[in-house]
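The values are calculated or read from the model by the stated rules, or taken from the named source; none is laboratory data. Treat the numbers as computed from the prediction; the structure is a model and nothing was measured. Because the Cβ atoms are built from the backbone with ideal geometry, glycine has one as well, and the counts that use them run over all protein chains shown.
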Amino acid sequence: MVASSYGDRPKLLELLKEPVSEFQDFFLLAGRAYRNLLRRPHYWDDVFLQMDSIGVGSLVIVTLTGFFSGAVMALQMARALQTYGQVGRTGMLVSISLVRELGPVLSALMVAARNASGMASELGSMKVTEQIDAMRALGTDPVQKLVTPRLIATASMLPLLTTIADFVGMFGGWLIARFYLGIGSVQYWNSVWKILVWNDVLQGLLKPFIFANMIALVGCYYGLRTTGGTQGVGRSTTQAVVASGIMIFVLDLMLTQCFVYSAS
Amino acid sequence: MADLPVILRFDRVTVSFDGVAALEAVSFEAREGESRVIMGAAGSGKTVLLKTALGLVKPDSGKVFAFGKDLTGMREKELFEIRSRMGMLFQESALFDSLTIEENVAYPLLNQKAVHCPKREVHARVEQALEFVELAGTLAKFPSELSGGMRRRAAIARAVVTEPPLVLYDSPTAGLDPITAYTIMALLIKERDVSHTTTLMVTYRYQDGNLMAHFRYNSKQGGLEPAHNGAVQAPETVFMVLHEGRLIFEGSQDRLEASADPYVRKFVKPRN
Ligand SMILES: Nc1ncnc2c1ncn2[C@@H]1O[C@H](COP(=O)(O)OP(=O)(O)O)[C@@H](O)[C@H]1O
Ligand SMILES: [Mg+2]
């Protein structure tokens with residue numbers, strides 16, 4: 001008995017060692033990526049290339065997601081509001097739920113699925129084929145050349161994409177409101193605009209900005225720590241999508257809490 | 001020979017990954033102009049040795065000196081200067097997939113700060129390096145469009161385009177057919193003899209080491225010739241054998257062939 005309780009402690013420490021050191025590695029990478037924002041050389045070509053791949057590349061899926069979530073919200077909210085005879089206020093609820101939650105979260109999930117995985121697999125295959133080592137051997141810092149441009153590109157594109165998703169979602173809600181629920185266009189758009197306050201707009205932009213930082217760092221982190229050949233690349237890709245997906249919800253809860261607190 | 005300057009020195013270098021030693025107390029000195037052939041089974045630490053020489057891998061203990069400077073305590077920025085004096089051919093070529101062959105070969109010229117190459121000269125130097133490896137005409141191609149042997153040659157061009165005094169080759173002939181392997185070896189020997197570089201070559205093919213030791217490049221006829229029949233000798237070639245991270249043999253080819261160690265004997269084939 002004594003022996004086992006004595007032996008448990010090192011075992012528990014052993015179990016904790018890996019997540020702790022991974023956490024530490026992640027923040028080290030993040031620190032180096034942010035520090036490079038201020039350091040030369042800046043690889044602007046890579047930044048624009050990534051902006052194109054993340055921004056333009058995700059436009060279609062983000063637009064579709066926005067459209068359908070707006071339309072679905074209009075249907076669901078109208079049904080709920082019917083109980084109170086307030087169907088005319090559908091626009092308000094569509095607008096709030098899109099700008100505060102659905103726009104940021106769903107767009108981030110789409111970009112995580114598309115780009116965190118893309119970053120993990122691209123950097124992962126570079127790692128296992130020694131291209132990362134070659135980069136260092138040839139005088140470039142891989143974090144400066146690969147991670148920082150992806151960070152800048154995602155952080156600038158995701159808020160934009162989210163804004164587009166919000167508007168398309170409101171449009172989707174309008175289609176339902178106008179042609180299915182029989183709400184007048186003027187009434188719909190009025191209720192959409194009137195309900196929004198600065199706090200919502202700020203929330204709607206800050207959330208995607210923070211999600212984007214996390215998505216880029218998680219994608220690059222899993223990519224750069226890839227080992228074990230092509231199989232390893234597959235594993236990293238999956239891990240990056242799962243981790244960034246979960247982190248979106250965790251961060252969303254924390255951020256929402258902050259905004260609710262600051263608004264009251 | 002012993003009075004030539006030491007280019008690369010390992011002093012009881014130990015490298016381990018997750019508590020398992022990949023290199024254990026490895027010590028050696030490579031002098032200017034010398035060729036070193038490093039042999040050993042898969043996983044014996046050959047790649048790790050080359051990466052440690054470049055400062056890509058940090059030793060857990062011991063010291064690495066390159067060009068008289070201690071790499072062990074250096075930061076990445078300081079290492080860039082040292083690395084610009086070394087060329088490295090990685091095992092799977094490690095060309096950048098997203099760049100063309102021209103951009104790949106130009107990469108060290110444009111990115112190594114210590115290499116002062118004016119922008120307008122880059123193209124000419126890239127062409128010259130690709131001509132050296134007989135790959136002129138592939139400038140605009142991507143690595144994925146080339147065969148394995150051609151990729152290897154492009155990677156050699158990238159390794160030597162800055163004319164580094166020390167070149168490291170990781171398994172340059174691995175996975176190639178015998179004829180292509182021979183042309184690659186001929187290139188390495190040409191680079192060694194034309195630019196007078198110090199060479200470290202990892203290989204598991206004894207023929208490669210044999211070529212290194214006994215052949216030299218004939219610049220008039222443009223091919224290899226035996227080095228012993230003229231006044232000019234091939235540069236001194238030292239063989240090293242790694243076994244599970246330990247350096248178990250270091251010496252000339254004659255001593256290698258005379259070795260009674262069963263592990264060493266596995267790498268030695270009769271000369272032809
Ligand atoms: N980055 C790394 N992480 C963990 N283990 C490594 C790493 N690089 C090499 N190793 C281990 O070190 C040992 C030597 O590897 P290596 O030098 O690549 O062998 P080889 O002689 O075939 O080139 C192997 O057991 C390998 O698994
Ligand atoms: Mg190897």
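Couple of notes before you dig in:
- Of everything in segment A:98-135 that is in contact with a Cys (Cβ under 9 Å, 6 or more places away or on another chain) and within 14 Å of chain B (Cβ to nearest Cβ), the residue that is nearest to A:Ile61 (Cα to Cα) is A:Met119.
- When A:Phe26 is tested against (1) farther than 24 Å from A:Gly223 by Cβ; (2) surrounded by 12 or more Cβ atoms within 10 Å (Cβ to Cβ), exactly one condition is not met: (1).
- Where B:Lys63 falls short, out of the listed (1) within 16 Å of ligand 2 (Cβ to nearest atom); (2) assigned to a strand (DSSP E or B): (1)
- Residue in segment B:213-228 that is within 14 Å of the chain's Cα centre (by Cα) and over 22 Å from B:Tyr107 (Cβ atoms) present: no
- Test: residue in segment B:28-36 that is crowded, with 20+ Cβ neighbours inside 10 Å and either within 16 Å of ligand 1 (Cβ to nearest atom) or in a helix (DSSP H, G or I) (or both): yes
Results for (1) closer than 30 Å to B:Phe96 by Cβ; (2) modelled with pLDDT of 95 or more, shown as yes or no for each residue.
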residue	(1), (2)
B:Ala155	yes, yes
B:Met185	yes, no
B:Arg205	yes, no
B:Asp208	yes, no
B:Lys220	no, no
B:Ala227	no, no
B:Ile248	no, no
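- With respect to the conditions (1) in contact with a helix residue (DSSP H, G or I) (Cβ under 9 Å, 6 or more places away or on another chain); (2) at pLDDT 95 or above; (3) not in a loop (DSSP other than H, G, I, E, B), B:Phe80 falls short on a single one, namely (2).
- When segment B:42-92 is filtered for residues that are away from chain A (no Cβ under 12 Å), of a type outside the set (Gly, Ala, Ser), more than 16 Å from ligand 1 (Cβ to nearest atom) and more than 26 Å from B:Ser195 (Cα to Cα), the ones remaining, listed by number, are B:Lys63, B:Thr72, B:Met74.
- Criterion (modelled with pLDDT of 95 or more, surrounded by fewer than 23 Cβ atoms within 10 Å (Cβ to Cβ) and assigned to a helix (DSSP H, G or I)) met by exactly one of A:Leu123, A:Leu160, A:Leu151: A:Leu160
- Just one of the listed residues (B:Arg152, B:Arg205, B:Arg216, B:Arg192) is under 21 Å from A:Arg136 (Cα atoms) and either assigned by TED's automatic domain parsing to the domain that holds B:Val115 or among the basic types (Lys, Arg) (or both), namely B:Arg152.
- Subset of segment B:103-135 (residues that are within 19 Å of B:Leu188 (Cβ to Cβ) and more than 14 Å from every other protein chain (Cβ to nearest Cβ)): B:Gln128, B:Leu130, B:Glu131, B:Phe132, B:Val133, B:Glu134, B:Leu135
- Criterion violated by B:Asn218 - all others in (1) closer than 24 Å to B:Leu247 by Cα; (2) in contact with a strand residue (DSSP E or B) (Cβ under 6 Å, 6 or more places away or on another chain); (3) not charged (D, E, K, R) satisfied: (1)
- Qualifying residue in segment A:136-151 (condition: within 14 Å of another protein chain (Cβ to nearest Cβ), more than 20 Å from the chain's Cα centre (by Cα) and among the polar types (S, T, N, Q)): yes
- Within segment B:93-102, considering residues that are surrounded by 16 or more Cβ atoms within 10 Å (Cβ to Cβ) and part of a loop (DSSP other than H, G, I, E, B), the one farthest from the other protein chains (Cβ to nearest Cβ): B:Thr100
- For beta carbons closer than 7 Å, sequence separation of 6+ or different chains, a first residue in segment A:178-207 that is loosely packed, with under 15 Cβ neighbours inside 10 Å and a second that is outside any loop (DSSP other than H, G, I, E, B) and not β-branched (Val, Ile, Thr), the qualifying pairs are A:Ser185/A:Trp174; A:Ser185/A:Arg178; A:Asn199/A:Phe259; A:Asn199/A:Ala263.
- A:Gly223 vs. criteria modelled with pLDDT of 95 or more, within 22 Å of B:Leu95 (Cα to Cα) and either more than 14 Å from chain B (Cβ to nearest Cβ) or under 20 Å from the mean Cα position of the chain (by Cα) (or both): yes
- Qualifying residue in segment B:218-234 (condition: surrounded by fewer than 20 Cβ atoms within 10 Å (Cβ to Cβ) and in a helix (DSSP H, G or I)): no
- For B:Arg153, the conditions (1) crowded, with 17+ Cβ neighbours inside 10 Å; (2) within 10 Å of chain A (Cβ to nearest Cβ) all hold with the exception of (2).
- Some residue of segment B:7-27 being under 30 Å from A:Glu14 (Cα atoms), of a type in the set (Val, Ile, Thr) and away from ligand 2 (no atom under 16 Å from the Cβ): yes
- Scanning segment A:219-242 for residues that are surrounded by 18 or more Cβ atoms within 10 Å (Cβ to Cβ) and within 26 Å of A:Ser97 (Cβ to Cβ) gives a single hit, A:Val241.
- Qualifying residue in segment B:4-12 (condition: within 15 Å of ligand 1 (Cβ to nearest atom) and in contact with a strand residue (DSSP E or B) (Cβ under 6 Å, 6 or more places away or on another chain)): yes
- Of the candidates B:Gly40, B:Gly73, B:Gly68, B:Gly33, the single residue that is within 16 Å of ligand 2 (Cβ to nearest atom) and modelled with pLDDT under 95 is B:Gly40.
Each row is one residue, and each column tells you yes or no for (1) surrounded by fewer than 17 Cβ atoms within 10 Å (Cβ to Cβ); (2) of a type in the set (Ser, Thr, Tyr).
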{"residue": "B:Gly45", "(1), (2)": "no, no"}
{"residue": "B:Val48", "(1), (2)": "no, no"}
{"residue": "B:Ala53", "(1), (2)": "no, no"}
{"residue": "B:Pro59", "(1), (2)": "no, no"}
{"residue": "B:Lys63", "(1), (2)": "yes, no"}
{"residue": "B:Thr72", "(1), (2)": "yes, yes"}
{"residue": "B:Glu78", "(1), (2)": "yes, no"}
{"residue": "B:Met86", "(1), (2)": "no, no"}
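- Boolean, A:Val94 is farther than 27 Å from A:Leu37 by Cβ, in contact (Cβ under 8 Å) with a residue 24 or more places away in the chain and within 14 Å of another protein chain (Cβ to nearest Cβ): no
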